[in-house]
Amino acid sequence: MEFNIFLPHLAYVEIDSMIFFPTLLISILFKVRRYYKSLAFSIGIVAPLYVIWDFLATLKDSWSFNPKWILGIRIVDLPIEEVFFFIVTPFATLLIYDFVRTKVSDREVNWITRELMILIALFLLAIDVFLTEYSYTFIVLIYLSSSILLVEFLDPEMFRSMNYWIFLGLTYIPFLVFDYFLTSLPVVVYGPHSILGVRIFTIPIEDAIYSFSMMNFYTVFYRKGVKVWNSA
């Protein structure tokens, strides 16, 4: 299905813009307090992890980018829009985190324990042994497991915060909209044997797992940055 709002070679630029500019406007108009140094710190650490994976995945034909919907300008052999995606996404989603953190009274989720999260991470790695033939599925579960273990090592309070889970749930609203555009045009084309084939509308279930891992990584480093530079 094609959308008339998207122009050939500009679709991915439009999607990035639809993520970034409304967030920027909301930040300005509603004077949401943002921690830009911490945001840059988080992006600087996490974005390269996903850009490197992205680059290797395109080499291995796990996925590719439809030339009809991209500019054709590349950075490390990735569309420039794809690289920008790893900047505009945390910029937008962590606004949701800042809003929830400042507007919603937090409470501890007692049943989410360190032992439970480590067990979940190890369980995901165990079942991943049986999914090696699906390149995207295999790697995304490693990233998710790694993100869970990293959070438990660096900032175990994050998973015990109800606000984090509210934030995470809210991020799936724009995720469903924008990833639907990316996968229905499609901008992103998945290679044979890269995914299980289970989809939410046109969105592979792996993309939802991918988003979960990204939010874990971006948020934990964002929180660490806020604690270091804004603890006073």
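The values are calculated or read from the model by the stated rules, or taken from the named source; none is laboratory data. The structure displayed is predicted, hence computed values, not measured ones. Every residue, glycine as well, gets a Cβ built from its backbone with ideal geometry; the counts of neighbours run over all protein chains shown. The protein model used for the area step is the full one, side chains on, heavy atoms only, and it has no ligands, DNA or RNA in it. Shrake-Rupley method; radii C 1.70, N 1.55, O 1.52, S 1.80 Å.
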Would you work out if the range 1-134 is rounded, prolate or oblate? Take a ≥ b ≥ c from the square roots of the eigenvalues of the alpha-carbon gyration tensor; rounded if a/c is under 1.5, else prolate when a/b is larger than b/c, oblate otherwise. oblate
Two pseudo-spin positions, 7 Å from Cα along C-beta at Val104 and at Ala40, lie apart in nanometres by 3.0 nm
Using helices alone, I'd like the mean residue ellipticity at 222 nm for the chain: each DSSP H run of four-plus residues gives -39500 (n - 2.57), total over residue count, nearest 500. -22500 deg cm²/dmol
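Taking the Cα centre of the chain as the origin, how large is its charge dipole in debye, to the nearest 20, when only Lys and Arg (+1) and Asp and Glu (-1) carry charge on their Cβ atoms?
In total the dipole reaches around 880 debye.
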Longer than 19 Å from Cα to Cα, which of Lys31/Lys103; Lys37/Lys224; Lys31/Lys224 are they? Say none if no pair is. Lys31/Lys224
Which whole DSSP H helices in the chain pass both tests: a Cα extent of 30 Å or more along the axis and a mean Kyte-Doolittle value no lower than -0.5? 36-59, 80-103, 162-184, 205-229
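With all protein chains present, how much of the accessible area of the chain (probe radius 1.4 Å) comes from carbon and sulfur, to the nearest whole percent? Before the final figure, lay out each step's value.
Working: 8330 of 11720 Å².
Carbon and sulfur: 71 percent of the exposed surface of the chain.
Quick one, can you get me the convex hull of the C-alpha atoms of the chain expressed as volume per residue in Å³? Walk me through the numbers before you get to the answer.
Values: hull volume 30.0 nm³, N = 232.
With only Cα atoms used, the chain gives 129 Å³ per residue.
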Anchor Lys227: aspartates and glutamates whose Cα lies under 12 Å away (excluding residues fewer than 8 positions away in-chain): Asp155
Projected onto the charge dipole of the chain (unit charges on the beta-carbon of Lys, Arg, Asp and Glu, signs +1, +1, -1, -1), the Cα from Leu29, Phe6, Ala92 with the largest positive-side position is that of Leu29
The Cα extents of the range 93-210 along the principal axes, largest first and rounded to whole Å, are 44, 32, 19
Equivalent ellipsoid dimensions for the range 63-114 as semi-axes, Å, which come from the Cα gyration tensor, largest first: 37, 14, 9
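Taking R0 as 25 Å, what FRET efficiency do you get between Glu14 and Ile173 from their Cβ-Cβ distance, rounded to the nearest 0.05? It would help to have the intermediate numbers written out before the result.
Numbers: r = 19 Å, r/R0 = 0.75.
After rounding to 0.05, the efficiency reads 0.85.
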Loop-exposed GluC sites (Glu not before Pro) per DSSP, neighbour cap 13 Cβ within 10 angstrom, longest uninterrupted part of the chain: 3-132
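What whole-number value in Å² describes the accessible area per residue of the chain for a 1.4 Å probe? Mind showing how you got there, number by number?
On the way: 11720 Å² over 232 residues.
Ligands and nucleic acids excluded, the result is 51 Å² per residue.
Using the Cα centre of the range 1-115 as the reference point, and only Cβ charges (+1 on K/R, -1 on D/E), how large is the resulting charge dipole? Debye, rounded to the nearest 20.
560 debye
Which length gain, in nm to one decimal place, applies between Val198 and Ile127 when the Cα-Cα distance is subtracted from 0.36 nm times their residue separation? Before the final figure, lay out each step's value.
Values: separation 71, 0.36 × 71 = 25.56 nm, distance 1.66 nm.
Once the chain is fully extended between Val198 and Ile127, it gains 23.9 nm.
Phe153 to Val76: extension gain in nm, 0.36 nm per residue of separation minus the Cα-Cα distance? Each step should come with its number before you reach the end.
On the way: separation 77, 0.36 × 77 = 27.72 nm, distance 3.16 nm.
Here the answer is 24.6 nm.
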Just going by the charge dipole of the range 35-114, with Lys and Arg at +1 and Asp and Glu at -1 on Cβ, which of Ile75, Ala57, Ala40 is farthest out on the positive end? Ala40
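So what's the convex hull volume per residue for the Cα atoms of the range 182-232, in Å³? Numbers along the way, then the final one.
Working: hull volume 5.2 nm³, N = 51.
Looking at the range 182-232, the number lands at 101 Å³ per residue.
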